[in-house]
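Here the structure is laid out as C-alpha cells; the discussion comes afterwards.
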Amino acid sequence: MTLTRFESLSRSSIRKLRIVVAQVAFVLAACAALASTAQAAHTISWGSPLRTPPSRTLSAPVDAAYWQQSVAPKAGQIVTVTLWGRVTSGQPTILFQDLRPIGGGRLKVISTTQPFKLTGTTAKRTFGPINFFVHKGDHVGLATIGGSYEVFAAAPGGTTNGFVGAGGDMNGGQFNGKAHSGIELLQRMNERVG
C-alpha cells in the first residue's frame, strides 16, 4: 500500500498545517473586508465651484450665519471646508454649522465645529473640522461672531441666505434666513460618504 504525502504526515504536522491554513484564510478575509470598506467610502465635493474671486462683503454687528442654496447630496462626514476670502473688520473667528431644514423656511442648528481663524489676506483656505457630520439635504453654514467678511462673489441668479442675531445660531437654535440675491458664498465642502 502506497501512502500519499498527506497520509505520511504526523498528527502534529496536520494540526500545524490546519492552523496555518486557518490563519491565511483569516488574513485574506480581513484584507477583503478592508478593500470593501475602502471602496465603499469615497469623497465628494459640493458647494461653490470657487471660480469667481471674492468681491462682496456682508457685515453683522453680532452673531451671523450664512449658507448657500446647495445642500449635502448624501449623508456623510465633512472632512474639509474651503473658504475663499478674508475678514475685513471685526472678529476673525469663524465656525461651520450643520443647518437642517425643518419646514416653513426655517433651519435648525444641529452642530457647530471648533473655531477657525480667517485672516485679512484674501486666499483660499481649507479648514479641517473634527467629527462634523451632515444628513442628506442639510446646509453647511458659515458662522461668524460679528464683523465684515469678504467671502462672497457677484453671482447673477445666485443667492446666499443669512441670519443675524446675538446667540441665535447656537446648537439647537432655529431661525429663518434673509435672501441676499446675486451673491455667492465662496465655500466648498469635501464630504466622505459611504
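Every number in this text was worked out from the coordinates using simple rules, so none of it is lab data. Model, not experiment: these values are computed from the prediction. Using ideal geometry, Cβ is built from the backbone for each residue, glycine included, and neighbour counts are taken over all protein chains shown.
Among all positions in segment 115-136, there is no residue which is part of a strand (DSSP E or B), surrounded by 15 or more Cβ atoms within 10 Å (Cβ to Cβ), in contact (Cβ under 8 Å) with a residue 60 or more places away in the chain and not β-branched (Val, Ile, Thr). Taking segment 115-157 as the range and being over 15 Å from the mean Cα position of the chain (by Cα) and among the basic types (Lys, Arg) as the test, the residues that pass are Lys117, Lys124. Taking segment 137-149 as the range and being under 23 Å from Asn190 (Cβ atoms) and buried (at least 17 other Cβ atoms within 10 Å of the Cβ) as the test, the residues that pass are Asp138, His139, Val140, Gly141, Leu142, Ala143, Thr144, Tyr149.
Within the span defined as segment 166-183, every residue fails to be out of contact with any Gly (no Cβ under 8 Å at 6 or more places or on another chain), surrounded by 15 or more Cβ atoms within 10 Å (Cβ to Cβ), in a strand (DSSP E or B) and among the aliphatic types (A, V, I, L, M).
Restricting attention to segment 60-94, the residues being under 17 Å from the mean Cα position of the chain (by Cα), hydrophobic (A, V, I, L, M, F, W, C) and part of a strand (DSSP E or B) number 8. Which one of Thr160, Thr93 is of a type in the set (Val, Ile, Thr) and surrounded by fewer than 20 Cβ atoms within 10 Å (Cβ to Cβ)? That would be Thr93, the only listed residue that is of a type in the set (Val, Ile, Thr) and surrounded by fewer than 20 Cβ atoms within 10 Å (Cβ to Cβ).
Taking the conditions exactly as written (touching a residue at least 12 places away in the same chain (Cβ under 8 Å), aliphatic (A, V, I, L, M), within 17 Å of Gly128 (Cα to Cα) and assigned to a strand (DSSP E or B)), does Ile102 satisfy them or not?
For Ile102, the condition - touching a residue at least 12 places away in the same chain (Cβ under 8 Å), aliphatic (A, V, I, L, M), within 17 Å of Gly128 (Cα to Cα) and assigned to a strand (DSSP E or B) - is not met.
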